[in-house]
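S.K.: One structure is given below, represented as structure tokens, and several questions about it will come after.
The values are calculated or read from the model by the stated rules, or taken from the named source; none is laboratory data. This one's a predicted model, so the numbers in the text were calculated from it and none came from an experiment. Virtual Cβ from ideal backbone geometry, glycine too; neighbours counted across all protein chains shown.
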Amino acid sequence: MGRYLSLLKQIFIIFELPSFSKNLRKELVKSKKYYFWDLGIRNAVIDQFLPLDSRPDTGALWENFLAVERMKKHEYLKIQKSYYFWRTYEKAEIDWIEIEGTGLSAFEFKWKDKKIRTSKAFREAYKKEVSLVSRENYLEFIF
């Protein structure tokens, strides 16, 4: 599996998002998430072309879309940031973390929910609030 992932990264089909961790005892360190650069290829690979309101993977599709568009935005603006996700062994997760210099920003992507359930562990460890990115405010996030 690792060889396939490596090949897909080398030919710019997917990119990997490493996990963010400062507390090695409670947080996953070696975990990675993978996103497709082209959502059409993603849809073809999983053979899923239904309308959004009929899809079982809408949340994952939304997350992939926001990740790619955010990275494009920063590339176009020549802003250098590092990108991560955060997850604990207890399955608490933050979808998107950006680090620029010493500043850390955290985001949760929600397609349907308008309520964010920020992990208490994250707030305590990093003293940061998590911003919600939803259908109502996503344009601010990607433009």
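S.K.: Looking at the range 1-56 only, could you name the residues that are among the acidic types (Asp, Glu) and under 30 Å from ALA125 (Cβ atoms)?
M.R.: If the condition is that a residue be among the acidic types (Asp, Glu) and under 30 Å from ALA125 (Cβ atoms), then GLU16, GLU27 are the ones that fit.
S.K.: Sticking with this one: Looking only at residues in the range 77-100 that are among the polar types (S, T, N, Q) and in contact with a helix residue (DSSP H, G or I) (Cβ under 8 Å, 6 or more places away or on another chain), which one is modelled with the highest pLDDT?
M.R.: GLN80
S.K.: Look through the range 101-127, keep the residues that are in a loop (DSSP other than H, G, I, E, B) and among the hydrophobic types (A, V, I, L, M, F, W, C), and return whichever of them is nearest to SER54 (Cα to Cα).
M.R.: TRP111
S.K.: Tally up the residues in the range 18-44 that are under 21 Å from ALA106 (Cα atoms), touching a residue at least 12 places away in the same chain (Cβ under 8 Å) and either of a type in the set (Gly, Ala, Ser) or part of a loop (DSSP other than H, G, I, E, B) (or both), please.
M.R.: The qualifying residues number 8.
S.K.: Only residues that are surrounded by 11 or more Cβ atoms within 10 Å (Cβ to Cβ) and at pLDDT 90 or above: list them for the range 101-122, please.
M.R.: LEU104, SER105, ALA106, PHE107, GLU108, PHE109, LYS110, TRP111, PHE122, listed by residue number.
S.K.: Name, by its number, the condition in (1) surrounded by 12 or more Cβ atoms within 10 Å (Cβ to Cβ); (2) touching a helix residue (DSSP H, G or I) at 6+ places or on another chain (Cβ under 8 Å); (3) over 24 Å from GLN10 (Cβ atoms) that does not hold for SER134.
M.R.: (2)
S.K.: Filter the range 77-100 down to the residues that are outside any strand (DSSP E or B) and not small (Gly, Ala, Ser), then identify the one that is surrounded by the most Cβ atoms within 10 Å (Cβ to Cβ).
M.R.: Top of the filtered list is LYS81.
S.K.: Now a separate question. Output the qualifying pairs, or none if there are none: Cβ atoms under 7 angstrom, residues six or more apart or on different chains, first residue in the range 45-65 and in a helix (DSSP H, G or I), second residue surrounded by fewer than 16 Cβ atoms within 10 Å (Cβ to Cβ) and among the aliphatic types (A, V, I, L, M).
M.R.: THR58/LEU52; LEU61/LEU39; ASN64/LEU39; PHE65/LEU39
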